[in-house]
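A quick write-up on the structure given underneath.
The values are calculated or read from the model by the stated rules, or taken from the named source; none is laboratory data. Note that this is a predicted model, so its numbers are computed, not measured. Neighbour counts run over all protein chains shown; Cβ positions are idealised from the backbone, glycine included.
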Amino acid sequence: MASMTAQSPRYRGRFAPSPTGPLHLGSLLAALVSYLEARRHGGEWWVRIEDLDPPRTQPGASDAILRSLDSHGLTWDSPVMYQSQRDDAYHHAIEVLADLDQLFWCRCSRKQLAGQPVYPGTCRACRQPRGDAAIRFQTPDIDDAFTDLFQGPQRTALARDYGDVVIRRRDGLFAYQLAVVVDDADQGMTDIVRGIDLLSSTFWQRALYRALGHECPNHAHFPVLVDAGQKLSKQNFAPALDNNQATANLMQLWPWLGLDIQADTPERMLAEALGQWSPTYLHGLAEIAL
Ligand code: GLU
């Protein structure tokens, strides 16, 4: 896989939507914050479509998301990667972890695990492949700490607080935690800027980076948009963005980012936003109420 690893620039960030539906205001905010951060550093901004889970992928959503980004002036710097085309890379990562004896096969059902705050290690002894089983990464029993660029210092005792994580599901699909690390490492991402709902995945991902022999990137988690106490998401039926209203859509986001923008096209708005944008406005904020 080493040959696939992109040369790391000084700063490379990305937006990695799951195509379970069209872009909405919450995902536009995610794209925008990662874009502004990348451009503020004079860096690159890439897009990766996380179509890892065919049953959840909505036909046409990937193209619709890309069209929406384009309509809102958010242009990316590299061909779009699709996780549905990355099985070989994920297989390879599983082989690496198996060679290192850092995974095991697990047949525990959801019901068996219900009520357990972390996976209790039930199947740790199953080190040989077996059918109808998930694969779990054996989380190392270490303390880990990092400074989130928006949320500040984070610290955990990995095995105690997180436990062993599924990296390939029982139905054979690769899990998000593995795919995101393999892709971000292969694409040479230096900075992961995403919603705070993914902060709790970061310690697992850092452990996977290290196990696979990669350096951990920087992480920055920004507040998510919350409507009546719930994260704005496709699951909560957040309305799709109207691409013909791109300027008005962006207008809604500027105050939440502490920006006062006068321009009247998406491209000019983004240029003006870059002149004003400072991530300190979001520091320590966990949510933005609509
Ligand atoms: N695909 C994930 C989502 O749409 C984002 C993954 C990430 O940024 O790490 O929520």
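General observations
- Each residue in segment 14-29 was checked for being in a helix (DSSP H, G or I), among the hydrophobic types (A, V, I, L, M, F, W, C) and crowded, with 21+ Cβ neighbours inside 10 Å, and 2 pass.
- Annotation note: of Asp184, Asp191, Asp197, the sole residue that is within 11 Å of the ligand (Cβ to nearest atom), modelled with pLDDT of 95 or more, among the charged types (D, E, K, R) and closer than 17 Å to Pro17 by Cα is Asp184.
- Residue check: Val47 meets all listed conditions (1) in contact with a Phe, Trp or Tyr (Cβ under 7 Å, 6 or more places away or on another chain); (2) closer than 25 Å to His214 by Cβ; (3) touching a residue at least 60 places away in the same chain (Cβ under 8 Å) but one, namely (3).
- Residue that is nearest to the ligand (Cβ to nearest atom) [pool: residues in segment 14-30 that are under 13 Å from Val224 (Cβ atoms) and touching a Ser or Thr at 6+ places or on another chain (Cβ under 9 Å)]: Ser27
- Exclusive hit being modelled with pLDDT under 95 and within 26 Å of Leu282 (Cα to Cα), set Gln151, Gln177: Gln151
- Scanning segment 40-67 for residues that are assigned to a helix (DSSP H, G or I) and surrounded by fewer than 19 Cβ atoms within 10 Å (Cβ to Cβ) gives Arg40, Pro54, Pro55, Arg56, Asp63, Ala64, Leu66, Arg67.
- Count - residues of segment 205-219 that are part of a helix (DSSP H, G or I) and either surrounded by fewer than 19 Cβ atoms within 10 Å (Cβ to Cβ) or not hydrophobic (A, V, I, L, M, F, W, C) (or both): 4
- Matching residues in segment 250-290 - criterion: being in contact (Cβ under 8 Å) with a residue 40 or more places away in the chain, in a loop (DSSP other than H, G, I, E, B) and over 24 Å from the mean Cα position of the chain (by Cα): Thr265
- Residue within segment 64-80 that is in contact (Cβ under 8 Å) with a residue 40 or more places away in the chain, within 12 Å of the ligand (Cβ to nearest atom) and in contact with an Asp or Glu (Cβ under 9 Å, 6 or more places away or on another chain) present: no
Conditions tested, residue by residue: (1) under 12 Å from the mean Cα position of the chain (by Cα); (2) more than 26 Å from Thr280 (Cα to Cα); (3) not acidic (Asp, Glu).
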{"site": "Asp161", "(1), (2), (3)": "no, yes, no"}
{"site": "Ile167", "(1), (2), (3)": "no, yes, yes"}
{"site": "Gln187", "(1), (2), (3)": "no, yes, yes"}
{"site": "Val193", "(1), (2), (3)": "yes, no, yes"}
{"site": "Asp227", "(1), (2), (3)": "no, no, no"}
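- Condition met for Pro153 (more than 15 Å from the ligand (Cβ to nearest atom), outside any helix (DSSP H, G or I), under 20 Å from the mean Cα position of the chain (by Cα) and loosely packed, with under 15 Cβ neighbours inside 10 Å): yes
- Flag for Asp141 being within 25 Å of Thr57 (Cα to Cα) and of a type in the set (Asp, Glu): no
- Any hit, segment 220-235, residues being at negative phi, touching a Cys at 6+ places or on another chain (Cβ under 6 Å) and not in a loop (DSSP other than H, G, I, E, B): no
- Residue within segment 190-201 that is out of contact with any Phe, Trp or Tyr (no Cβ under 9 Å at 6 or more places or on another chain), aliphatic (A, V, I, L, M) and without any contact (Cβ under 8 Å) to a residue 40 or more places away in the chain present: yes
- Count of residues meeting criterion [modelled with pLDDT of 95 or more and among the hydrophobic types (A, V, I, L, M, F, W, C)] in segment 203-232: 8
- Out of Ile167, Ile135, one residue alone is under 28 Å from Pro223 (Cα atoms), assigned to a strand (DSSP E or B) and in contact with a strand residue (DSSP E or B) (Cβ under 9 Å, 6 or more places away or on another chain). It is Ile167.
- Residue within segment 166-180 that is under 28 Å from Leu257 (Cα atoms), within 11 Å of the ligand (Cβ to nearest atom) and buried (at least 20 other Cβ atoms within 10 Å of the Cβ) present: yes
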